Amino acid sequence: MSPVSMRMRCILPAAVFAFAAASVAAADSAPTVVTATGSLSGTHDAATGLNEFMGIPYAAPPVGPLRWKPPQPVKGWTGTRQADRFGPRCMERGLYDDMVFRSNGMSEDCLYLNVWTPAKSLNEKLPVLVYFYGGGFNGGDGSEPRYDGAALAQRGIVTVTVNYRLDVLGFLALPALAKESPEHATGNYGLLDQAAALRWVQRNIAAFGGDPTQVTIGGESAGSMSVSALMASPLSKGLMQRAIGESGSIISNLKPRPLALSKQQGEAFEKRAGAQSLEQLRAMDAQALLEVAGEKDVPEFMPTIDGYFFPKPPKVIYQAGEQAHIPLLVGSNSQEGKYTNLLNDKAPTPANYRAALEKKLGVNAPEALKFYPGKTEAEVKTSGTDFEGDDFIALSTWQWMNLHRKTGQAPVYYYYFTQARPAKRDGSAGADEGAVHSGEIEYALGNLSGNHVYAWRPVDEQVSQIMQGYWANFIKTGNPNGAGLPNWPAATSKDGGLLRQVIGADTHTIVDHHAARYEFLDRVEANVHL
């Protein structure tokens, strides 16, 4: 069944809640649920009171002839399937040193999700968070401790993490694949996986005490980009009621590639891999494909404007107001990039800074200096860090926020996360200067204690409590505000800027005046590869 034919199906009444009665009292009780495809046995955590179900298949294994096909339905099983450990993570090259996995190895057979639930009965109808990991669409896994769902689940939220295909196995586009597709589409298999997971939630989350009409999707970096994509796609935009985006969208400088370009790059990859046909490419070892994908000058595999998941460019969809009209909580961090990257580790002098901007922006460099001035060493460090962060991911985040605020017919809550992580426990590095890319995840999801690298301080715990409170309230109501939290107004115009919430040791509202610099970057993005 294709994603279109599976889209927007009703919740199956057969998805029955059957938690073992003893699970509330005994740590060794095995909670069970009956989903649309069969019975599952999970684990009960007596310390948290949660029932946890790991490694639940939401689609058929995308192997053999199903490699580079939209996700297919799971085959049902008899008896009770153990859901007490994370499934395998999707094939990846191991590009990121900050990823810690609890997965059961790595495999193409990786389309699994995980559920943490505080529910004790079928009738609770709790709000649901479905969270997608980051990693540039070529790394990451739902088992990472920083995405653990227990903390938010203890706040009354059924929390789900999802694996989706990555890299060449998730985003290869080829004319031969388009030819065999009923929709003449190719690429975006990882995004189609995510949409399939959301359909699984619609059919089955009631069995875990969740409410399929109160689903929030969230994610960081590539996960945030995925959220913006799912809101735009006609295949998925009706499957959620709220959205959270942490650093990144699929608009502006991170927009998907044109189909023709992706096909051209796919054909070049096929030739480089030594395959003479799609059949041969499907028969190749997955690890060998990843090795070719990692060779010099091979473009990264990213989303494509395929005419199916994306019927048109996402920016056009948002400009026309054709995206999901749902509340959005979105923002970025104070140090998404750093001036040292721009300067290629040269001294932060005004002359080096100007030369770096000229190399990157050409004739646009003088105008850039108006928005990112660098007349002193201190100014170079500040402006260079701002530029690198905007260039990398804050620009696309702002574009998403701004377009949805104008056309989304729903509130938008815009944040700026500033809490720098502390020194490392082993003394190998001091505290970060600002909030680095991905640095907010453990704070927002309540997982500081799961990250043993940093010497967390009471202030970090305080910031995490505030951030968890905002996230939990938004997931439950579409509004982050609640008792004991600093007031967070929706993003509305004021004093020539836009209301934005600074989240950190001093959480407060500011008027953000950075629209002009984002508009400048957006203008030059079309003509200059930033």
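Mind checking which residues of region 193-219 are touching a Ser or Thr at 6+ places or on another chain (Cβ under 6 Å), over 11 Å from Ser236 (Cβ atoms) and part of a helix (DSSP H, G or I)? Result: Asn204, Ala207, Phe208. For region 254-298, a residue qualifies if it is under 28 Å from Ile441 (Cα atoms) and out of contact with any Ser or Thr (no Cβ under 6 Å at 6 or more places or on another chain), and the qualifying residues are Lys255, Leu290, Gly294. If you go through region 237-276 and keep only what is of a type outside the set (Ser, Thr, Tyr) and either in a strand (DSSP E or B) or on the phi > 0 side of the Ramachandran plot (or both), you end up with Arg242, Ala243, Ile244, Gly245, Glu246, Gly248, Arg257, Pro258, Gly274. Inclusion of Glu300 among residues that are assigned to a helix (DSSP H, G or I) and either farther than 24 Å from Met401 by Cα or under 24 Å from the mean Cα position of the chain (by Cα) (or both) is not warranted.
Please verify whether Lys370 is assigned to a helix (DSSP H, G or I), under 30 Å from Ala490 (Cα atoms), more than 27 Å from the chain's Cα centre (by Cα) and not small (Gly, Ala, Ser), treating the condition exactly as stated. Yes, satisfied. The residues of region 436-465 that are touching a residue at least 24 places away in the same chain (Cβ under 8 Å), crowded, with 18+ Cβ neighbours inside 10 Å and within 21 Å of the chain's Cα centre (by Cα), listed by number, are Val436, His437, Ser438, Gly439, Glu440, Ile441, Glu442, Tyr443, Ala444, Leu445, Gly446, Asn447. Quick check on region 316-339. Is at least one of its residues basic (Lys, Arg) and assigned by TED's automatic domain parsing to the domain that holds Ser226? No, because not a single residue in region 316-339 is basic (Lys, Arg) and assigned by TED's automatic domain parsing to the domain that holds Ser226. Of all residues in region 105-121, exactly one satisfies the criterion of being modelled with pLDDT under 95 and either of a type in the set (S, T, N, Q) or under 21 Å from the mean Cα position of the chain (by Cα) (or both), namely Ser121.
The requirement of being among the aromatic types (Phe, Trp, Tyr), within 20 Å of the chain's Cα centre (by Cα), crowded, with 20+ Cβ neighbours inside 10 Å and in a loop (DSSP other than H, G, I, E, B) is fulfilled somewhere in region 77-95, by at least one residue.
Quick grid of which residues meet (1) closer than 19 Å to Thr37 by Cα; (2) of a type outside the set (A, V, I, L, M, F, W, C); (3) surrounded by fewer than 24 Cβ atoms within 10 Å (Cβ to Cβ):
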| site | (1), (2), (3) |
| --- | --- |
| Glu108 | no, yes, yes |
| Asn114 | yes, yes, no |
| Lys125 | no, yes, yes |
| Gly135 | no, yes, yes |
| Gly156 | no, yes, yes |
| Val160 | yes, no, no |
| Leu191 | no, no, no |
| Phe208 | yes, no, no |
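Restricting attention to region 218-267 and to residues that are within 16 Å of the chain's Cα centre (by Cα) and among the basic types (Lys, Arg), the residue that is modelled with the lowest pLDDT turns out to be Lys237.
For region 118-128, the criterion of being part of a loop (DSSP other than H, G, I, E, B), outside the structural domain of Ile475 (by TED's automatic domain parsing) and more than 28 Å from Leu329 (Cα to Cα) is met by at least one residue. Being among the charged types (D, E, K, R), more than 28 Å from Thr216 (Cα to Cα), at pLDDT below 95 and not assigned by TED's automatic domain parsing to the domain that holds Tyr96 is a property that holds for Glu433.
If the requirement is being surrounded by fewer than 24 Cβ atoms within 10 Å (Cβ to Cβ), outside the structural domain of Phe392 (by TED's automatic domain parsing) and either of a type in the set (D, E, K, R) or modelled with pLDDT of 95 or more (or both), which of these qualifies: Arg165, Arg146? After ruling out the rest, the residue left standing is Arg146. The residue list Lys69, Lys75 contains one member that is of a type outside the set (A, V, I, L, M, F, W, C), more than 26 Å from Pro145 (Cα to Cα) and without any contact (Cβ under 8 Å) to a residue 60 or more places away in the chain, which is Lys75.
Does region 332-348 hold any residues that are acidic (Asp, Glu) and within 24 Å of the chain's Cα centre (by Cα), and which are they? Hit for region 332-348 is Glu336, nothing else.
Taken as a whole, the condition of being within 25 Å of the chain's Cα centre (by Cα), part of a loop (DSSP other than H, G, I, E, B) and at negative phi applies to Glu433. For the subset of region 507-530 comprising residues that are out of contact with any Gly (no Cβ under 7 Å at 6 or more places or on another chain) and without any contact (Cβ under 8 Å) to a residue 60 or more places away in the chain, which member is nearest to Gln399 (Cα to Cα)? Among those that are out of contact with any Gly (no Cβ under 7 Å at 6 or more places or on another chain) and without any contact (Cβ under 8 Å) to a residue 60 or more places away in the chain, it is Glu519. Out of region 328-358, which residues are over 27 Å from Met231 (Cβ atoms), touching a Phe, Trp or Tyr at 6+ places or on another chain (Cβ under 7 Å) and outside any helix (DSSP H, G or I)? Listed by number, the residues that qualify are Leu343, Pro348.
The values are calculated or read from the model by the stated rules, or taken from the named source; none is laboratory data. Since the structure is predicted, the reported quantities are computational estimates derived from the model, not experimental observations. Don't worry about glycine lacking a Cβ; one is built from the backbone with ideal geometry, like all the others, and counts go over all protein chains shown.
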